[in-house]
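Data first, discussion second: the structure below is written as structure tokens.
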Amino acid sequence: MYYFILNPSSHSQGKSDIWNTVAKILHQREIQYKVFATRYPGHARELANTISSRDPEAKIVGIGGDGTVHDIICGLENLSAVTFGLIPSGSGNDFAHGMHIPSDTEKALSAILDQEKIIKMDVGRMESGDSVLRFGVSCGIGFDASICHEALASPIKDALNGVGLGQLTYSSIAVKQLFLYEPGSISLEMDGGRKLSYPRAFFAAVMNQKYEGGGLMLTPDAKPNDRTLDVLVCGDMRRSEIMAMLPATYAGKHTFLKGVHILKCEKVKITADRLRPTHLDGESGGVRREITVSLEPEQLRVITG
């Protein structure tokens, strides 16, 4: 049995008929399935929790973007028993990009139904106070999170999606936020007792995949199944240097720049100088001063292309 969790509001231009295409193929191949459409924020999380609790070995397929993936992963019970598939229909689709999931609906569905390639993917875990949340792509604190916060509330995203340019959302907002965001000190405490401090940092991103922010290859060497996290810190950089860095990240050519630091670890505690915006998979994680990031003990089975 396949369980489809469909987020109607995530569809980019030309993708409004995704479910019609999927349903037609499911009918042709005589596949048993159930479909659930999300009706409000967080609904995908509730649906994933209910489905995985009742059917521990469920095959759950998201139809949406990175926010839908995030909600489903956060809601899953029996993490290592579930099989997860994705038909991407968001504006950024960083999860699909990093996991080599086809952007074409029919190809993505074919991969899901044939199940010829399944990867056991690491699942990130962010703790802060009493809050514990998961992520599949990345989490972060500082400048990159401030971009996510504005993108979630901005009409720019909807407008760009309407003309098929949703990926420009984050880069356009980044330019604005670059002149508004005030950098500050960030300290890291990693496994092995490593401690590092950056007096004037713009952000720290903890990556499980190569990409975030609609195609920015922040950590070119990151692998989603190597049981390690890649941490990118941008510190001691002028605004003009950040501006020059952003275009280079699309090709992963920023790593040699002064002020760009990439580290690998299994666990990291990040402490900022004051309350800063945080994000998980591009979704708001609230404002926090300290976060602890690690990996869930269990991995998630993900169908790839």
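Rule-based calculations on the coordinates, nothing more; no lab input. Bear in mind that the values here come from a model prediction, so they are computed numbers and not experimental data. So basically every Cβ, Gly included, is an ideal-geometry build from the backbone, and we count neighbours across all protein chains shown.
Ranked by the mean number of other Cβ atoms within 10 Å per residue, highest first, peptides 130-139, 277-286, 47-56 order as 277-286, 130-139, 47-56. Under 5 Å from the amide H of G285 lie the amide H atoms of T278, H279, L280, each residue being 5 or more positions distant or on a separate chain, with H modelled from the backbone and absent for Pro and chain starts. Binning the C-alpha pair distances of region 28-70 at 5 Å intervals from 0 yields a P(r) profile of 5, 18, 31, 24, 13, 7, 1 %, listed from the shortest bin outward. Annotation: peptides 176-182, 60-66, 80-86, ranked by per-residue average of other Cβ atoms within 10 Å with the highest first, follow the order 60-66, 80-86, 176-182. Both radii were evaluated on the Cα set of region 125-296; the Rg over Rh quotient, with Rh as the Kirkwood radius, amounts to 0.94.
Spin-label model, E127 to K253: label points 7 Å out along the Cα-to-beta-carbon direction sit 4.2 nm apart.
Each of G42, N78, N208 was scored by the projection of its Cα onto the charge dipole of the chain, and the greatest displacement toward the positive side belongs to N208; charges sit on the C-beta of Lys, Arg, Asp and Glu.
The count of lysine pairs in region 2-122 whose Cα atoms are under 16 Å apart, excluding pairs fewer than 8 places apart on the same chain, comes to 8.
Dipole orientation for the chain: of the candidates G285, G136, A58, G285 has the Cα lying most toward the positive pole (charges on Cβ; Lys, Arg +1; Asp, Glu -1).
If you sort the three axes of the alpha carbon gyration tensor as a ≥ b ≥ c, you get a/c under 1.5 for region 2-122, which makes it rounded. Only Lys, Arg, Asp and Glu carry charge here, each on its Cβ (+1 for the first two, -1 for the last two); on that basis the chain has a dipole of about 420 debye about its Cα centre.
Dividing the summed helix terms, -39500 (n - 2.57) for each DSSP H run of n ≥ 4, by the number of residues in the chain produces a 222 nm estimate of -9000 deg cm²/dmol to the nearest 500.
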